[in-house]
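Worksheet: one structure, shown below.
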Amino acid sequence: MALSMPRKRLLSSAIQYRSYGTVQNAASGISISSSNALQKAIAAPAPRTNWTREEIKEIYNSSLSELTHAATTIHRQFHDPRAIQMCTLMNIKVGGCSEDCSYCAQSSRYSTGLKASKLSPVDAVLDAARIAKENGSTRFCMGAAWRDMRGRKTNLRNIKQMIEGVRGMGLEACVTLGMIDDVQAKELKDAGLTAYNHNLDTSREFYPKVITTRSYDERLNTLRHVRDAGLNVCSGGILGLGESDDDRVGLLHTVSTLPAHPESFPVNALVPIKGTPLGERKMISFDKMLRTIAAARIVLPTTIVRLAAGRVSLTDEQQVMCFQTGANAVFTGEKMLTTDCNGFETDRKLFEKWGYYPMRSFARQGLSGAEVPAQEGMKDEKVEVTERAAMTV
Ligand code: SF4
């Protein structure tokens with residue numbers, strides 16, 4: 001059948017030729033293969049903290065096939081691609097929070113039907129940590145719904161006991177307790193805390209549309225206190241808040257240009273909670289989520305990229321694409337704070353089917369805490385990563 005004229009013109013203008021493995025557009029002569037920034041990222045021998053926002057934008061906007069391929073390549077340079085860390089997050093103090101985070105079921109400003117509680121007893125928390133460990137988790141995270149730690153001396157004392165107990169089981173211990181100052185960060189470090197989670201959530205520009213009760217700079221101050229105390233920083237974002245691609249780039253730019261990359265970067269997909277201002281939003285599309293994970297892996301090559309809230313909505317195949325692209329930690333168990341979570345058994349089957357295994361605790365370079373022998377396939381990589389990290393730009 002003869003082609004109509006416009007279709008013919010479309011085809012001829014799209015004719016491309018190969019040159020030394022790079023597909024080029026005949027009309028423009030511009031390479032549509034890897035962007036410059038992407039190629040530079042692949043060639044970089046060590047993590048960089050001098051990324052420009054333009055470079056990250058270029059990486060983020062590369063064709064998805066090039067982007068994910070580059071991310072996979074970098075992931076394999078810095079990590080054991082089969083090891084996924086299993087973490088369990090327990091809500092140790094539910095609801096009643098004074099903050100106005102528009103996505104959160106635990107804010108006292110929204111009617112979400114959640115009943116507020118006091119801090120859980122230490123024994124109950126340690127029982128939950130034991131169950132998590134028996135089921136393969138190597139990191140136990142404890143979250144409390146409040147603004148900050150001011151005037152919470154008794155709570156802090158109990159939380160320190162929880163941290164000591166969790167560490168006593170050989171697990172990595174992480175807490176998320178809102179804003180903390182330098183003294184509190186030091187106390188938590190002395191109690192044996194491995195990491196402190198405090199998400200930046202989104203870009204600096206979009207942030208005021210989501211939260212008004214504390215500023216972006218206050219969040220960055222908490223990260224500084226955590227870092228200065230010698231704790232590992234866990235800080236990531238939430239996708240699907242209504243932010244643009246540029247906001248996701250902005251978030252990646254902020255975290256990748258901190259004085260040191262966070263040890264952990266959680267990627268959450270908004271789980272809309274009825275009663276909150278964002279309760280009617282749809283989940284972010286998978287391609288945008290994958291794009292963000294891939295870009296994160298590229299600009300934060302040694303960081304653990306943590307697939308967090310919203311994973312329960314992904315198919316097995318989508319999760320595996322995330323793992324291939326650089327995500328190497330998941331939250332597993334009954335609940336993730338107030339949202340549903342993929343269960344231990346479900347994850348065990350997923351790992352078995354696709355050839356992944358749980359990462360050991362403290363298996364990664366630079367993570368403070370007891371040294372645990374590297375697992376199969378990790379030993380050489382560990383040495384190599386240490387050498388690379390020593391060359392940080
Ligand atoms: S996200 Fe944290 S700080 Fe914000 S309202 Fe929820 S519990 Fe409070």
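The values are calculated or read from the model by the stated rules, or taken from the named source; none is laboratory data. Since the model is a prediction, treat every value here as computed from it, not as a measurement. Every residue, glycine among them, receives a Cβ derived from its backbone with ideal geometry; neighbour counts consider all protein chains shown.
What the table shows:
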{"quantity": "The stretch 116-128, subset closer than 27 Å to L171 by Cα and among the hydrophobic types (A, V, I, L, M, F, W, C), residue nearest to the ligand (Cβ to nearest atom)", "calculated": "L119"}
{"quantity": "L89, sole failed condition from (1) modelled with pLDDT under 95; (2) over 30 Å from P301 (Cα atoms); (3) within 16 Å of the ligand (Cβ to nearest atom)", "calculated": "(2)"}
{"quantity": "Selection count where residues are closer than 16 Å to C104 by Cβ, within 18 Å of the chain's Cα centre (by Cα) and of a type in the set (A, V, I, L, M, F, W, C), scope the stretch 244-284", "calculated": "3"}
{"quantity": "Of all residues in the stretch 143-155 being of a type outside the set (S, T, N, Q) and surrounded by fewer than 17 Cβ atoms within 10 Å (Cβ to Cβ), the one that is nearest to the ligand (Cβ to nearest atom)", "calculated": "R147"}
{"quantity": "Residues being more than 16 Å from the ligand (Cβ to nearest atom) and either over 21 Å from L220 (Cα atoms) or not assigned by TED's automatic domain parsing to the domain that holds Y196 (or both) - total across the stretch 156-182", "calculated": "17"}
{"quantity": "Of the criteria (1) in a loop (DSSP other than H, G, I, E, B); (2) surrounded by 19 or more Cβ atoms within 10 Å (Cβ to Cβ), which one K274 fails", "calculated": "(2)"}
{"quantity": "Criterion (assigned to a strand (DSSP E or B), in contact with a helix residue (DSSP H, G or I) (Cβ under 8 Å, 6 or more places away or on another chain), more than 16 Å from the ligand (Cβ to nearest atom) and in contact (Cβ under 8 Å) with a residue 24 or more places away in the chain) met by exactly one of I59, I84", "calculated": "I84"}
{"quantity": "Index of the failed condition, A173 passing every other in (1) in contact with a Gly (Cβ under 7 Å, 6 or more places away or on another chain); (2) assigned to a loop (DSSP other than H, G, I, E, B); (3) of a type outside the set (D, E, K, R)", "calculated": "(2)"}
{"quantity": "Among the candidates T222, T292, residue that is within 23 Å of S65 (Cα to Cα) and either more than 16 Å from the ligand (Cβ to nearest atom) or in the same structural domain as C101 (by TED's automatic domain parsing) (or both)", "calculated": "T292"}
{"quantity": "Within the stretch 129-142, considering residues that are buried (at least 21 other Cβ atoms within 10 Å of the Cβ) and of a type outside the set (K, R), the one farthest from the ligand (Cβ to nearest atom)", "calculated": "T138"}
{"quantity": "Counted residues, the stretch 98-111 - those being farther than 17 Å from G242 by Cβ and surrounded by fewer than 22 Cβ atoms within 10 Å (Cβ to Cβ)", "calculated": "5"}
{"quantity": "Search result, residues across the stretch 103-115 that are of a type in the set (S, T, N, Q) and within 9 Å of the ligand (Cβ to nearest atom)", "calculated": "Q106, S107, S108"}
{"quantity": "Some residue of the stretch 303-314 being buried (at least 17 other Cβ atoms within 10 Å of the Cβ), at pLDDT 70 or above and in a helix (DSSP H, G or I)", "calculated": "yes"}
{"quantity": "Qualifying residue in the stretch 194-208 (condition: at pLDDT 95 or above, within 15 Å of the ligand (Cβ to nearest atom) and in a helix (DSSP H, G or I))", "calculated": "yes"}
{"quantity": "Counted residues, the stretch 122-138 - those being in contact (Cβ under 8 Å) with a residue 12 or more places away in the chain and either of a type outside the set (A, V, I, L, M, F, W, C) or within 15 Å of E164 (Cβ to Cβ) (or both)", "calculated": "10"}
